[in-house]
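Novice: Mind having a look at this structure? Questions to follow.
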Amino acid sequence: MYQALEDIRVIEACHYIAGPYCGKMFADYGADVIKIERPGTGDGARRLRPFADNDPHPEKSGVFLNLNTNKRGITLNMKNETGKKIFKDMVKTADVVIENFRPGVMDKLGLGYEVLEKTNPLLVMTSISNFGQDGPYRDFAMSELTINAVSGFMASCGLPEREPLKRGENAESYQAGLTAFVATMGALFVSRFQGEGQHVDVSIMEAMLGSVDNGARDKLSYLYSGELLVRHDPRITSRTLMPECVTPCKDGYVQWRANPTWWPRYLDMLAGGDEEKRAELEERFPDLYDITKLEESWAVCLEWSMDKTKQELMEEAQKYRVPCMKVSTPQDLVEDKHFKTVKFFSEIEHPVAGRFLYPGFPVKLKGCPTQMNRPAPLLGQHNEVVFGELGYNREDLVELKKAGVI
């Protein structure tokens, strides 16, 4: 069956997370994505935890396996003159090139956009970097921790009496990869329908600054009012008696959301259909905004919830249209009846790592199914096929390997 992007060819010269995640989006929606890795060592993501069987093998990194499903993989030394020629030959039949080297690296290699567009005038080249291709911070080194700091996100995250906190793991890199995918698709429309190639400049930092998260509220508050918002502890700064935080329960935690208009529903939920208890709660808490009774109201909530599981709490709250959701562990997500029903997780067999579940697709297209049917490639797995499409035979590949090209 036809896949949405199956007529698109992408050359991915990327490593670690942001670039490969952009390439993954293309591959999982049907594009022919050819991943280029350094001969011998491959993508640095091959050395990122977690590892299958806790074995730090370059073919067993969970990060690499997840980011590179449905791609074809080759090795190519892009610093070698023959390697550069091969890269340019590949670009002739490509729609997209994705790279996430430091700004200026592709130009120094003689493989910058100005060179490649002469080879393929309709080419869309997407460059992903820390701060973009221009500006005084262009060449600054950065990590996930420092991205969170300099973007302003950390200023509003964490308890007020403690140090600012970052978001977990590598959220910013994935966000930048998704931003790059959307931008590249837009540039492809220009290429296809207006006959003009594009160089797409994606800054991980600007992807953060322009994103819709709780940091956006802080930025907009300053831009429009000059007000600097401060971090607060929801346990002591609640404006109503409704919980608006994480609370414990029988087997974990749930997250509550508060709104004054939901107060009657909240009391109905605590009463559970008992009219006498409902009247008692109204008499006990006549003023939603009387936060002198905050601890008392929370005690009532905890007394009601502590003997229930997080799944039971979530489903009970939803009956009364009170926004309360369980704090899920990865195991919860895999076993959740909703995600099983919509078949979000896919099982794939890898020749070295083995059989595992993989996260599915964020968007489903009617009539254009997404298919996760190929595992991440072994290092150089598709050299013979891909280079064969360029006219190289097995003897040629032996010589290229001896010369350090592949």
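The values are calculated or read from the model by the stated rules, or taken from the named source; none is laboratory data. The shown structure was predicted, so the numbers you read here are calculated from the model rather than taken from an experiment. Using ideal geometry, Cβ is built from the backbone for each residue, glycine included, and neighbour counts are taken over all protein chains shown.
Novice: Show the residue pairs meeting these rules: Cβ distance below 6 Å; 6+ apart or different chains; first residue within the stretch 4-33 and on the phi > 0 side of the Ramachandran plot and assigned to a strand (DSSP E or B); second residue surrounded by 21 or more Cβ atoms within 10 Å (Cβ to Cβ) and modelled with pLDDT under 95.
Specialist: none
Novice: Are any residues in the stretch 352-384 free of Cβ contacts under 8 Å to residues at least 60 places away in the same chain and touching an Asp or Glu at 6+ places or on another chain (Cβ under 8 Å), and if so, which ones?
Specialist: ARG355, LEU357
Novice: Also, quick follow-up: Just for the stretch 335-351: of the residues that are surrounded by 14 or more Cβ atoms within 10 Å (Cβ to Cβ) and of a type outside the set (S, T, N, Q), which one is farthest from MET242 (Cα to Cα)?
Specialist: HIS350
Novice: Among the listed residues LEU313, LEU333, which satisfies the condition of being farther than 27 Å from ASP233 by Cα and either assigned to a helix (DSSP H, G or I) or assigned by TED's automatic domain parsing to the domain that holds TRP262 (or both)?
Specialist: The match here is LEU333.
Novice: Can you tell me which residues in the stretch 10-28 are out of contact with any helix residue (DSSP H, G or I) (no Cβ under 9 Å at 6 or more places or on another chain) and not aliphatic (A, V, I, L, M)?
Specialist: ASP28
Novice: Failed condition for GLY30, given (1) buried (at least 23 other Cβ atoms within 10 Å of the Cβ); (2) at pLDDT below 95; (3) not basic (Lys, Arg), with all others met?
Specialist: Unmet for GLY30, out of (1) buried (at least 23 other Cβ atoms within 10 Å of the Cβ); (2) at pLDDT below 95; (3) not basic (Lys, Arg): (1).
Novice: For the stretch 96-170, which helices (runs of 4 or more DSSP H) that fit wholly inside it have 1 or more residues that are of a type outside the set (S, T, N, Q) and in contact with an Asp or Glu (Cβ under 7 Å, 6 or more places away or on another chain)?
Specialist: Because the criterion is at least 1 residues that are of a type outside the set (S, T, N, Q) and in contact with an Asp or Glu (Cβ under 7 Å, 6 or more places away or on another chain), the helices (runs of 4 or more DSSP H) in the stretch 96-170 that meet it are 105-108, 144-150.
Novice: Suppose we filter the stretch 171-198 for residues that are over 20 Å from MET25 (Cβ atoms) and in a helix (DSSP H, G or I); how many remain?
Specialist: Going through the stretch 171-198 one residue at a time, the tally reaches 2.
Novice: Of everything in the stretch 40-82, what is assigned to a loop (DSSP other than H, G, I, E, B), crowded, with 17+ Cβ neighbours inside 10 Å and among the basic types (Lys, Arg)? Give them in sequence order.
Specialist: Of everything in the stretch 40-82, those that are assigned to a loop (DSSP other than H, G, I, E, B), crowded, with 17+ Cβ neighbours inside 10 Å and among the basic types (Lys, Arg) turn out to be LYS60, LYS71.
Novice: Quick one: would you say THR93 is surrounded by fewer than 17 Cβ atoms within 10 Å (Cβ to Cβ) and either part of a helix (DSSP H, G or I) or without any contact (Cβ under 8 Å) to a residue 60 or more places away in the chain (or both)?
Specialist: no
Novice: A further question follows. Can you name the condition, by its number, that LYS85 falls short on among (1) in a loop (DSSP other than H, G, I, E, B); (2) of a type in the set (Lys, Arg); (3) free of Cβ contacts under 8 Å to residues at least 24 places away in the same chain?
Specialist: If we test LYS85 against (1) in a loop (DSSP other than H, G, I, E, B); (2) of a type in the set (Lys, Arg); (3) free of Cβ contacts under 8 Å to residues at least 24 places away in the same chain, just (1) comes out false.
Novice: Among the candidates GLN198, GLN175, which residue alone is within 25 Å of LEU5 (Cβ to Cβ), modelled with pLDDT under 95 and either crowded, with 20+ Cβ neighbours inside 10 Å or not charged (D, E, K, R) (or both)?
Specialist: Selected residue: GLN175, the only one of GLN198, GLN175 that is within 25 Å of LEU5 (Cβ to Cβ), modelled with pLDDT under 95 and either crowded, with 20+ Cβ neighbours inside 10 Å or not charged (D, E, K, R) (or both).
Novice: Do we have THR126 as assigned by TED's automatic domain parsing to the domain that holds TYR392 and touching a strand residue (DSSP E or B) at 6+ places or on another chain (Cβ under 8 Å) here?
Specialist: yes
Novice: Turning to a different aspect of this structure: Residue by residue through the stretch 363-406, note down the ones that are assigned to a loop (DSSP other than H, G, I, E, B), out of contact with any strand residue (DSSP E or B) (no Cβ under 9 Å at 6 or more places or on another chain) and among the basic types (Lys, Arg).
Specialist: Correct list: LYS364, LYS366.
Novice: If you don't mind, another one. Run GLU280 past the list (1) assigned to a loop (DSSP other than H, G, I, E, B); (2) within 30 Å of SER238 (Cα to Cα) and report the number of the one that doesn't hold.
Specialist: GLU280 satisfies all of (1) assigned to a loop (DSSP other than H, G, I, E, B); (2) within 30 Å of SER238 (Cα to Cα) except (1).
Novice: Hey, another quick one. For the stretch 257-279, indicate whether the set of residues that are polar (S, T, N, Q) and more than 20 Å from ARG321 (Cβ to Cβ) is non-empty.
Specialist: no
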